[in-house]
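Colleague: Can you read through this structure? Questions will come right after.
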């Protein structure tokens with residue numbers, strides 16, 4: 001199957017990472033994949049290293065007519081079966097098929113990881129969503145229920161020979177270590193996590209990610225005098241090695257449409273604490289595969305961290321249960337096959353054959 005993957009996206013972010021993982025996963029599964037994205041010095045080299053052809057376009061604002069025009073030319077050359085746009089801007093720039101293109105019909109199937117305005121998806125034929133609530137959002141805004149399909153995110157598991165060195169990150173070998181991953185943005189609530197950790201003597205925290213809130217978080221760390229215990233690691237490509245070196249993964253988000261970090265923690269058997277933000281609360285099970293706390297509830301978060309540190313048996317039980325859920329529901333193989341099955345289903349529904 002020929003799949004054209006399309007994303008505008010920011011320089012860093014969870015959706016951007018998931019996009020790269022998905023493009024490569026489709027290619028590894030034997031599909032013919034090309035990519036359209038903004039120029040980016042992280043994801044473009046990663047995609048090209050994996051052997052994918054990458055087209056870079058500006059994905060500008062309302063007056064940008066070049067991007068959809070050039071996408072039409074790319075489609076006429078590639079002749080895709082499926083065009084999968086990510087987030088909102090990419091689908092808004094994706095032209096619907098018409099017979100003047102001179103190519104077999106393709107289906108536009110955006111992948112939604114957020115509660116976007118339906119106006120951006122005028123060219124969409126079908127939708128894939130990553131949570132039930134996002135699917136309900138589409139149906140509530142007029143999309144036929146039969147045109148909306150739910151597929152979980154998967155967690156890419158990099159090959160890891162050894163965990164990250166604690167010493168290299170200025171962290172004592174015997175210290176309790178929390179790891180949080182994500183874009184440095186207010187929605188991730190890293191400020192709340194830092195305030196909690198500041199009250200917990202001896203607890204060290206690594207925050208892996210980059211984004212617009214870096215200066216603010218650096219100032220907070222300085223104001224609370226926790227620079228020895230709280231490290232902003234920047235953008236990292238060694239997620240699995242970090243997770244294996246940490247004692248607890250914590251997802252403190254205020255807003256999280258899905259929250260792939262919780263799946264990444266499960267895949268590495270790292271005990272998880274997460275807030276009941278939109279995405280995680282639809283999947284995780286408190287006291288079974290994680291400890292769940294309220295958004296911005298510092299007291300609950302501190303209590304959960306202390307409990308997880310002190311009760312090693314509980315942490316091990318939660319991690320093992322979570323790993324079993326990962327194997328049953330969130331592996332790359334299961335997710336990729338679910339996408340391919342759905343693409344085949346909707347092509348059959350529309351009586352479409354494979355693009356030549």
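Colleague: How big is the chain in terms of Cα radius of gyration and Dmax, in angstroms?
Modeller: Cα only, the chain: 21.1, 67 Å (Rg, Dmax).
Colleague: Report Rg (one decimal) and Dmax (nearest whole number) for the range 47-189, counting Cα atoms only, units Å.
Modeller: Radius of gyration, then largest Cα-Cα span, for the range 47-189: 20.1, 66 Å.
Colleague: Further question on the same structure: May I ask you to derive the relative contact order of the range 41-155, considering only C-alpha pairs under 8 Å and at least 6 residues apart, and to give it as an integer percent? Before the final figure, lay out the partial values.
Modeller: Details: 147 pairs, mean separation 20.7, N = 115.
Over the range 41-155, the number comes to 18 percent.
Colleague: Which whole-number percentage describes the relative contact order of the range 126-208, with Cα contacts under 8 Å and a sequence gap of 6 or more? Write down the numbers at each step before the final one.
Modeller: Values: 65 pairs, mean separation 20.6, N = 83.
Over the range 126-208, the number comes to 25 percent.
Colleague: Once both axes come from the Cα atoms, what is the angle between helix 66-78 and the longest principal axis of the chain, in degrees from 0 to 90, rounded to 10?
Modeller: Taking the Cα atoms of the chain, the angle to 66-78 is about 70 degrees.
Colleague: Right, something else. For the pair residue 160/residue 344, report the inter-label distance in nm, with labels modelled 7 Å from Cα in the Cβ direction.
Modeller: Label at residue 160, label at residue 344, 3.4 nm between them.
Colleague: Relative contact order of the range 167-329, please, whole-number percent, based on alpha carbon pairs below 8 angstrom and at least 6 residues apart. Can you show the working numbers first?
Modeller: Details: 290 pairs, mean separation 35.4, N = 163.
For the range 167-329, the relative contact order is 22 percent.
Colleague: With springs connecting C-alpha atoms under 10 Å apart, model the chain as a Gaussian network and identify which of 61, 259, 85 has the largest mean-square fluctuation.
Modeller: Comparing 61, 259, 85 in a Gaussian network model of the chain, the most mobile one is 61.
Colleague: When a footprinting reagent is the concern and you count Cβ atoms within 10 Å, what order do 206, 235, 69 take, fewest first?
Modeller: Listing 206, 235, 69 from fewest to most nearby Cβ atoms yields 69, 235, 206.
Colleague: Could I ask something else about it? For the Cα atoms of the chain, what angle does the longest principal axis make with the long axis of helix 312-329, in degrees from 0 to 90, nearest 10?
Modeller: 10
Colleague: Let me ask something else. Okay, helix-only estimate at 222 nm for the chain: each DSSP H run of n ≥ 4 adds -39500 (n - 2.57), divide by all residues, round to 500 deg cm²/dmol; what do you get? The partial results should precede the final answer.
Modeller: On the way: 13 runs with 135 residues, N = 356.
The helix-only estimate for the chain comes to -11500 deg cm²/dmol at 222 nm.
Colleague: Between the helical axis of 298-310 and the dominant principal axis of the chain, each derived from Cα atoms, what acute angle in degrees is found, rounded to the nearest 10?
Modeller: Orientation of helix 298-310: about 70 degrees from the principal axis.
Colleague: Right, something else. With N set to the residue count of the range 222-285, report its C-alpha Rg divided by 2.2 N^0.38 Å to two decimal places. Intermediate values should be presented prior to the final figure.
Modeller: Values: Rg = 13.1 Å, N = 64, 2.2 N^0.38 = 10.7 Å.
So the Cα radius of gyration is 1.22 times the expected 2.2 N^0.38 Å.
Colleague: Using 7 Å Cα-to-Cβ label points, what is the residue 48/residue 298 separation (nm, one decimal)?
Modeller: 4.7
Colleague: Here's something else I'd like to know. Compute the Rg/Rh shape ratio of the range 167-329: radius of gyration over Kirkwood radius, all on alpha-carbon atoms.
Modeller: Numbers: Rg = 14.3 Å, Rh = 15.4 Å.
We get a ratio of 0.93 for the range 167-329.
Read the figures in this text as sums done on the coordinates, not as results from a lab. For clarity, every value in this text was computed on a predicted model and none was experimentally measured. For neighbour counting, all protein chains shown are included, and Cβ atoms are generated from backbone atoms with ideal geometry for every residue, glycine included.
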